[in-house]
Amino acid sequence: MTRPARHFANETKATPAVVASPGSRAPRRGPGTGKAAGAAVLARRALVGAAVVLLAMLGVATGASAHAELSSSTPKDGATVATVPADVTLTMTENVVANYSFVEVKDAAGTNWANGPVRVVDNVVTQPLREGAPAGTYAVAWRVLSVDGHNTQGTFSFTATGAGSGAAAGAAKPLQTTNEPRATPAPNTPDVPWSVIGLIAVLVILAVALIVLARRRLGNED
């Protein structure tokens with residue numbers, strides 16, 4: 001008996017489907033997916049958050065640590081007045097305290113005409129002068145302690161065409177000023193408060209810890 005011939009030319013062999021066994025793992029989708037991607041996102045968010053907080057804290061610290069600078073004075077710097085005034089007044093940009101704040105008012109001969117300690121009301125510093133100061137140019141040197149603990153200092157000058165009241169011109173007497181003990185510099189504090197520095201350090205450590213944790217997760221999934 002003759003069997004019909006089988007034709008294979010047009011037949012297509014079916015590719016068997018790949019069935020994963022119950023214990024096999026699914027093919028990896030790459031290091032940037034799953035937990036690895038989540039760890040990377042967490043690290044990036046931690047860095048961004050830390051940077052934002054640091055910038056905000058530095059901005060607050062900069063505003064909080066502003067120094068007390070000279071805003072105006074009476075007499076004004078470079079001014080010419082008719083007579084030596086009874087006192088010299090300085091207006092500061094920040095409130096100051098009397099301790100460790102002083103003002104010297106010296107004539108051309110170097111005599112200090114400041115009379116006693118300064119008087120401070122908020123940001124206004126007043127230095128009384130002794131009577132009888134001679135006509136001439138006066139150099140004012142000041143140093144103040146602001147309420148935030150920072151010392152600032154500066155100088156200016158004025159000219160008096162007439163002597164102060166109470167004595168003839170040129171009748172200056174040597175002065176033993178009582179301001180010298182208060183001239184001892186107060187301990188300077190850093191421009192950024194220590195509390196802010198501590199918080200910055202904590203944020204940096206936290207950001208580093210999150211980055212390390214994210215890298216470990218990436219390594220465990222490789």
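The values are calculated or read from the model by the stated rules, or taken from the named source; none is laboratory data. Nothing here was measured: the structure is a model prediction, and the numbers come from that model. Cβ atoms come from the backbone with ideal geometry, glycine included; neighbour counts cover every protein chain shown. In case anyone asks, the SASA skips ligands and DNA or RNA and just uses the protein heavy atoms, side chains included. Shrake-Rupley method; radii C 1.70, N 1.55, O 1.52, S 1.80 Å.
Look at segment 103-120: where a residue is part of a loop (DSSP other than H, G, I, E, B) and a partner is polar (S, T, N, Q), sitting 6+ places away or on another chain with Cβ atoms under 7 Å, you get A108/T137; G116/T178; P117/T178; P117/N179; V118/S101; V118/T126; V118/Q127. For beta carbons closer than 6 Å, sequence separation of 6+ or different chains, a first residue in segment 58-79 that is at positive phi and a second that is modelled with pLDDT of 95 or more and part of a strand (DSSP E or B), there are no qualifying pairs. Of all the criteria given as (1) at pLDDT 95 or above; (2) surrounded by fewer than 16 Cβ atoms within 10 Å (Cβ to Cβ), the one not satisfied by V103 is (2). If you go through segment 128-152 and keep only what is over 21 Å from the mean Cα position of the chain (by Cα), at positive phi and assigned to a loop (DSSP other than H, G, I, E, B), you end up with just G132.
Could you count how many residues in segment 138-154 are closer than 11 Å to V105 by Cβ and open to solvent by 20 Å² or more (accessible area, probe 1.4 Å)?
Applying the first criterion (closer than 11 Å to V105 by Cβ) to segment 138-154 yields 138-142.
When the remaining residues are screened for being open to solvent by 20 Å² or more (accessible area, probe 1.4 Å), the result is 139, 141.
Of the residues in that region, 2 qualify.
Exactly one residue among A163, A168, A172 is surrounded by fewer than 12 Cβ atoms within 10 Å (Cβ to Cβ) and either modelled with pLDDT of 85 or more or within 20 Å of V84 (Cβ to Cβ) (or both), and that residue is A168.
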